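*Asks:* Please find one structure pasted underneath; my questions will follow.
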Amino acid sequence: MSSFQLNLNPLKEPLGFIKVLEWIAAIFAFATCGGYKGKTEILVKCSPDSENKTVTATFAYPFRLNQASFQTPANVNVCNTDWKHYVLLGDYSSSAQFYVTFAVFIFLYCIAALLVYVGYINMYRDNRKLPMIDFVVTLVATFLWLVSTSAWAKALTDIKIATGHNIVQELKPCEKLTCYFGSVTSMGSLNVSVIFGFLNMILWGGNAWFVYKETSLHSPSNTSASHNQGGIPPPSGI
């Protein structure tokens, strides 16, 4: 294996520049989803003449809502009901964890690929296997971004329903008590995570062409000679 030789020229080419964008987009994808924490509140009235009291359910990534029980303020008895026995509906951890885990793997792969681009670009372009592996990974990543983001977008829609106005209809104590939906934490960051998921899919799909140009499929013969046109001068003699 050749020694590491720092060369930033590939970052000026679409191959390296888009990889940097993919690396940044992957960070935003898993950070906006994995770092979310919110709560939903309902207002309960024990009798027509009583004041509204607040009951809160806190939820966060990975969105196992069926483990998010309702809580009352400290030392406050709300309608003689043990609200801890009542939880939100749904478990969306599989879609959320698949999305975040995949984004983290993409983040790590981009780091490895960038190290190869800036340190071993000559070996990368002289070796038929490395560009082909990079091309296959790019195609698979594009497909998995589509799958994971679509699954997460569907789960997010269900999460919004499960933590929204429908809570009042699902809670058993609200069959006897008067309950009103209060509020739910904004899910703007989760919406952004979906946007970045599809943005990643577009970036990886677009980059597939530039990675394909590095493979022997695009230039079966004399590939190394054609690669020297990419701004990297051939080694000069002493």
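*Asks:* Quick check: pseudo-label points 7 Å beyond the Cα along Cα→Cβ at Q97 and N75, how many nm apart are they?
*Replies:* Each label point is offset 7 Å from its Cα along the Cβ direction, giving 3.9 nm.
*Asks:* Still on this structure: How much mean residue ellipticity at 222 nm does the chain get from its helices, if each DSSP H run of length 4 or more adds -39500 (n - 2.57) and you divide by all residues, to the nearest 500 deg cm²/dmol?
*Replies:* The helix-only estimate for the chain comes to -17500 deg cm²/dmol at 222 nm.
*Asks:* Restricting attention to the chain, give the cysteines that have no other cysteine Cβ less than 4.7 angstrom from their Cβ.
*Replies:* Those would be C33, C110, since no other cysteine Cβ in the chain comes under 4.7 Å of theirs.
*Asks:* Could you go through the stretch 48-53 in sequence order and give the Karplus-derived ³J(HN,Hα) for each residue, using 6.51 cos²θ - 1.76 cosθ + 1.60 with θ = phi - 60°, rounded to whole Hz, and x for Gly and Pro?
*Replies:* x, 9, 8, 7, 6, 10
*Asks:* Distance check, please: which entries in K19/K154; K84/K176; K45/K154; K39/K154 exceed 23 angstrom between their Cα atoms?
*Replies:* Over 23 Å Cα-Cα: K19/K154; K45/K154.
*Asks:* For the stretch 140-211, what D do you get in µm² per second when you plug the Kirkwood radius from alpha-carbon pairs into Stokes-Einstein at 37 °C and 0.692 mPa s?
*Replies:* For the chosen part, D equals 225 µm²/s.
*Asks:* Can you give the extra length, in nm with one decimal, that the chain gains between S216 and F143 once fully stretched, where that is 0.36 nm per residue apart less the Cα-Cα distance?
*Replies:* Fully extending the segment from S216 to F143 adds 24.0 nm.
*Asks:* Determine which aspartates and glutamates satisfy two conditions relative to K53: a Cα distance under 19 Å, and not lying fewer than 8 residues away in the same chain.
*Replies:* Once the sequence-local aspartates and glutamates are set aside, what remains near K53 is E41, D82, E170, E175.
*Asks:* Mean projection of the alpha-carbon convex hull of the stretch 3-94 over all orientations, in nm²?
*Replies:* Approximately 11.1 nm², given one-decimal rounding.
*Asks:* Just the C-alpha atoms of the stretch 1-154: what Rg/Rh do they give, with Rh taken as the Kirkwood radius?
*Replies:* In the stretch 1-154, Rg relative to Rh is 1.26.
Every read-out reported here was derived from the displayed coordinates using simple, explicitly stated rules and does not represent laboratory data. Values in this document were obtained by computation on a predicted structure and should not be read as measured data. Using ideal geometry, Cβ is built from the backbone for each residue, glycine included, and neighbour counts are taken over all protein chains shown.
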